[in-house]
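The values are calculated or read from the model by the stated rules, or taken from the named source; none is laboratory data. No experiment lies behind these values; they were computed from the predicted model shown. Cβ coordinates were reconstructed from backbone atoms using ideal geometry, including for glycine residues, and neighbour counts include every protein chain displayed. Only protein heavy atoms, including side chains, enter the accessible area calculation; ligands, DNA and RNA are left aside. Shrake-Rupley method; radii C 1.70, N 1.55, O 1.52, S 1.80 Å.
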Amino acid sequence: MPVNLTPNAIAAVVGGDLNLKPLVQVVDIKLIGGSQDRYRLLLSDSAASQHAMLATQLNDRVKSGGVRKGSVVQLIDYICSTVQNRKIIVVLNMETIIPDCETIGNPKLPIDFNSTPQKAFSVNNSSAPLRTLKNESVAVNGGDKVQTYRPTVQPSYQPPPPPIYKNHGAIVKNEAPARIIPIAALNPYQGRWAIRARVTAKGDIRRYNNARGDGKVFSFDLLDSDEGEIRATCFNAVVDRFYDSVEVGKVYMISKGTLKPAQKNFNHLNNAWEIFLETGSTVELCSDDQNSIPEQKFYFKPIGEIESAENNSILDVIGVVTSVNPSIPILRKNGMETQRRLLNVKDQSGRSVEITLWGEFCNKEGLKLHELFDSGLCPVLAVKAGKVNDFSGKSIGTISSTQLFINPDIPEAHDLREWFDSGGKVAESHSISRDIVPGAQKNEIRKTVAQIKDEGLGRSNKPDWITVKASIAFIKTDTFCYTACPLMIGDRQCSKKVVKSGETRWQCERCNQEFEECDYRYLLQAQIQDFSGLTWVTAFQESGEEILGCSAKELYSLKYEKQDDDNFAEIIRRSLFNQLLFKLKVKEETYGDEQKVKITVVNAERVNPSSESKYLLDLISK
């Protein structure tokens with residue numbers, strides 16, 4: 001099937017014509033591995049050929065077979081960059097015209113870009129050139145049948161005029177102003193570039209320490225008029241230069257940065273690259289261009305689809321607030337106190353989800369939401385970059401890069417408000433933040449003792465949370481508790497282990513304080529058994545009290561202060577061989593060089609005959 005490609009297309013594109021939108025053929029494709037897969041193409045206009053890189057957002061075209069060796073394509077959006085003294089065409093968008101075709105013409109191999117284009121890209125005279133005017137088209141001939149494809153634009157190539165720079169005096173090498181390009185077109189193969197974008201989010205300054213010493217870093221997210229997004233990151237002295245001048249919501253001209261692969265563990269934006277600003281980078285405020293770029297770009301996921309989202313994934317969600325809890329202090333693992341506020345939102349999917357606000361979100365947007373809800377209003381809340389948590393069902397938590405928008409002026413918020421006011425308020429909604437089985441406990445995934453080992457529970461990257469109906473068969477009584485710090489941090493007890501300081505005082509290393517009396521907290525080692533087997537578990541304070549029916553301090557007093565062995569033994573005896581529902585956390589941990597599955601009792605409840613009967617009947621009905 002003879003096909004007439006756009007003549008001299010390679011010479012035109014290499015020469016800088018970005019409006020040609022030519023028809024070319026893919027004569028070779030090669031996958032280039034790395035931190036992210038990329039495809040290198042060899043494009044031909046039937047007389048000449050040139051290497052090209054496919055933008056990562058087009059990788060699916062190759063993977064699906066839409067673009068393959070022999071395909072005739074039309075380049076819609078592209079740029080030409082210089083890499084190691086060679087020209088590379090970067091394809092940002094294209095359309096497949098013919099999926100499969102024999103090699104057209106006799107294209108020459110790619111040439112060095114310093115060679116003279118007119119000589120290197122001469123067209124074979126045996127192939128009549130096709131000139132496309134306004135009412136003409138590209139013909140694909142096959143026997144008597146003629147099929148027509150109309151490129152968007154097909155002007156004959158005219159070399160661009162030399163640029164004119166005004167009021168800059170003499171121009172020396174590499175001093176010409178960088179051309180503004182879309183964020184989606186940024187790639188490491190470019191030399192000089194500039195983007196005009198709005199700052200949509202700005203992180204706090206974070207300090208770090210590694211083998212190279214101490215440092216500081218901050219990042220901010222950018223959005224341009226084509227809705228392309230990218231993150232810019234600054235280190236050390238560059239932080240001092242740009243942190244105060246960059247403001248959320250303002251539009252800036254940014255240039256002279258370095259592009260590196262985005263670290264997806266910390267960067268949730270839909271871009272394979274990240275800008276690293278340096279001492280020579282420029283960030284200039286564009287005060288006259290504040291309305292051409294949207295304020296924010298959302299990728300909302302319906303709450304019903306969050307049920308299948310991966311743990312720790314970052315996503316956007318929007319819903320109507322149906323409850324707001326007070327803010328409470330929480331003690332983090334590092335000993336620092338922070339604030340937490342829980343609220344729930346629902347949408348048209350018939351599902352609701354719990355949103356957890358942390359830190360300053362509790363006292364800013366959280367407080368405003370609380371006031372609105374207490375006044376009888378149910379505001380619409382949009383969450384940008386929330387983190388999925390799969391503990392206790394699925395929930396969404398805030399992180400440092402999260403943004404909250406209350407009653408935003410966007411179409412999705414207006415649709416939600418209309419739905420809620422016209423009946424959605426009373427519509428039934430199921431929470432995805434709790435795994436509820438009719439007649440059973442919350443979060444219940446029933447397993448037997450034997451299944452813990454047989455199914456390899458706890459051996460993945462995250463713990464397994466299960467419920468087991470079993471009985472206590474044995475409790476170790478020689479060490480059942482530990483001495484703990486009694487001091488309160490916020491509304492929680494410190495509870496860290498304390499050591500003797502002299503004859504009568506105790507010392508807590510976390511609180512760095514001494515006191516005369518310590519507390520006692522459970523650290524029970526016990527065996528539980530059901531019809532399938534026996535296993536060791538560890539129970540801490542609350543679950544220990546549920547199992548034994550008294551506090552660790554009381555039991556310690558009986559055994560060591562009063563030395564009442566009979567009553568002590570009776571308490572232990574009463575706790576044995578009673579059926580309980582144990583909620584267990586199963587996680588593999590490393591002890592020395594040995595990996596071992598640790599099973600921790602999170603909660604222990606007496607079996608309720610009514611609820612258990614309902615649960616069993618529900619299993620039978622299934």
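For region 602-621, enumerate the residues that are more than 37 Å from the chain's Cα centre (by Cα) and among the polar types (S, T, N, Q).
608, 610, 611, 613, 621
Which residue out of 471, 495 is in a loop (DSSP other than H, G, I, E, B), open to solvent by less than 40 Å² (accessible area, probe 1.4 Å) and of a type in the set (Gly, Ala, Ser)?
When all the criteria are applied, what remains is 495.
Tally time: how many residues in region 358-389 are part of a loop (DSSP other than H, G, I, E, B), open to solvent by less than 50 Å² (accessible area, probe 1.4 Å) and more than 17 Å from residue 204 (Cα to Cα)?
The total comes to 2.
When you go through 233, 282 one by one, which is the residue that is surrounded by fewer than 19 Cβ atoms within 10 Å (Cβ to Cβ), over 30 Å from residue 512 (Cα atoms) and modelled with pLDDT of 90 or more?
Just a single option satisfies the conditions, and that option is 282.
Taking the options 217, 199, 283, name whichever one is under 15 Å from residue 385 (Cβ atoms), part of a strand (DSSP E or B) and of a type in the set (A, V, I, L, M, F, W, C).
Exactly one residue qualifies, and that residue is 199.
Out of all the residues in region 266-288, which are in contact with a Ser or Thr (Cβ under 9 Å, 6 or more places away or on another chain), more than 20 Å from residue 217 (Cβ to Cβ) and among the charged types (D, E, K, R)?
Listed by number, the list holds a single entry, 284.
Only one of 205, 275 is of a type in the set (A, V, I, L, M) and in contact with a Lys or Arg (Cβ under 6 Å, 6 or more places away or on another chain). Can you tell me which?
After applying the criteria, what remains is 205.
Being open to solvent by less than 40 Å² (accessible area, probe 1.4 Å), assigned to a helix (DSSP H, G or I), touching a residue at least 24 places away in the same chain (Cβ under 8 Å) and touching a strand residue (DSSP E or B) at 6+ places or on another chain (Cβ under 8 Å) is the requirement here; does residue 404 meet it?
No; evaluated as a whole, the condition is false for this residue.
Would you check if there is a residue in region 528-537 being touching a residue at least 12 places away in the same chain (Cβ under 8 Å), part of a strand (DSSP E or B), touching a helix residue (DSSP H, G or I) at 6+ places or on another chain (Cβ under 6 Å) and under 30 Å from residue 337 (Cα atoms)? Break it down into steps so the answer makes sense when it comes.
We begin by selecting, within region 528-537, every residue touching a residue at least 12 places away in the same chain (Cβ under 8 Å); these are 528-537.
The next check asks that each one be part of a strand (DSSP E or B); those that pass are 528-530, 533-537.
In the following step, the residues that additionally are touching a helix residue (DSSP H, G or I) at 6+ places or on another chain (Cβ under 6 Å) were identified as 530, 533, 535.
Narrowing further to those that are under 30 Å from residue 337 (Cα atoms): none.
Within region 528-537, not a single residue is touching a residue at least 12 places away in the same chain (Cβ under 8 Å), part of a strand (DSSP E or B), touching a helix residue (DSSP H, G or I) at 6+ places or on another chain (Cβ under 6 Å) and under 30 Å from residue 337 (Cα atoms).
Could you give every pair whose Cβ atoms fall below 8 Å, whose first residue belongs to region 562-579 and is closer than 14 Å to residue 605 by Cα, and whose second residue is of a type in the set (Val, Ile, Thr) and part of a loop (DSSP other than H, G, I, E, B), counting only separations of at least 6 or pairs across chains?
579/607
Against the condition in a loop (DSSP other than H, G, I, E, B) and either open to solvent by 50 Å² or more (accessible area, probe 1.4 Å) or within 30 Å of residue 595 (Cα to Cα) (or both), how does residue 521 come out, does it pass? Even if it seems obvious, please write down each step before you answer.
Values: in a loop (DSSP other than H, G, I, E, B): no; either open to solvent by 50 Å² or more (accessible area, probe 1.4 Å) or within 30 Å of residue 595 (Cα to Cα) (or both): yes.
No; evaluated as a whole, the condition is false for this residue.
For region 196-220, how many residues are closer than 20 Å to residue 285 by Cα and exposed (fewer than 11 other Cβ atoms within 10 Å of the Cβ)?
0
Of all residues being surrounded by fewer than 19 Cβ atoms within 10 Å (Cβ to Cβ) and modelled with pLDDT under 85 in region 181-195, which is farthest from residue 261 (Cα to Cα)? Just the residue, please.
Ranking the qualifying residues of region 181-195, first place goes to 192.
For residue 323, are the conditions met, namely being small (Gly, Ala, Ser) and under 23 Å from residue 254 (Cβ atoms)?
Judged against the criteria, residue 323 is not a match.
Can you pull out every residue in region 498-513 that is buried (at least 16 other Cβ atoms within 10 Å of the Cβ) and part of a strand (DSSP E or B)?
506, 507, 508
Restricting the search to region 533-585, which residues are of a type in the set (S, T, N, Q) and surrounded by fewer than 18 Cβ atoms within 10 Å (Cβ to Cβ)?
538, 551, 557, 563, 567, 578, 579
Look through region 586-611, keep the residues that are charged (D, E, K, R) and free of Cβ contacts under 8 Å to residues at least 60 places away in the same chain, and return whichever of them is most open to solvent (accessible area, probe 1.4 Å). Lay out the reasoning, then the answer.
The first filter runs over region 586-611 and keeps only residues charged (D, E, K, R), leaving 587-589, 593-594, 596, 598, 605-606.
Checking which are free of Cβ contacts under 8 Å to residues at least 60 places away in the same chain leaves us with 589, 593-594, 596, 606.
Values: 589: 72, 593: 165, 594: 115, 596: 119, 606: 131 Å².
So the residue we want is 593.
In region 235-264, what count of residues is obtained for those that are among the charged types (D, E, K, R), under 27 Å from the mean Cα position of the chain (by Cα) and under 17 Å from residue 185 (Cα atoms)?
So the answer is 1.
Keeping to region 306-322, report how many residues are open to solvent by 30 Å² or more (accessible area, probe 1.4 Å), closer than 22 Å to residue 267 by Cα and touching a residue at least 24 places away in the same chain (Cβ under 8 Å).
Number of matching residues: 5.
How about region 289-305: which of its residues are over 16 Å from residue 221 (Cα atoms), in contact (Cβ under 8 Å) with a residue 60 or more places away in the chain and within 16 Å of the chain's Cα centre (by Cα)?
Matches in region 289-305: 300 only.
Being under 19 Å from the mean Cα position of the chain (by Cα), of a type in the set (Val, Ile, Thr) and surrounded by 19 or more Cβ atoms within 10 Å (Cβ to Cβ) narrows it down to one of 355, 399, so name that one.
Exactly one residue qualifies, and that residue is 355.
Answer yes or no as to whether residue 31 is under 37 Å from the mean Cα position of the chain (by Cα) and at pLDDT 90 or above. Spell out how you get there, then give the answer.
Working: under 37 Å from the mean Cα position of the chain (by Cα): yes; at pLDDT 90 or above: no.
Considered against the rule, which asks whether it is under 37 Å from the mean Cα position of the chain (by Cα) and at pLDDT 90 or above, residue 31 comes out as no.
So how many residues does region 573-622 have that are farther than 25 Å from residue 475 by Cα and part of a helix (DSSP H, G or I)?
13
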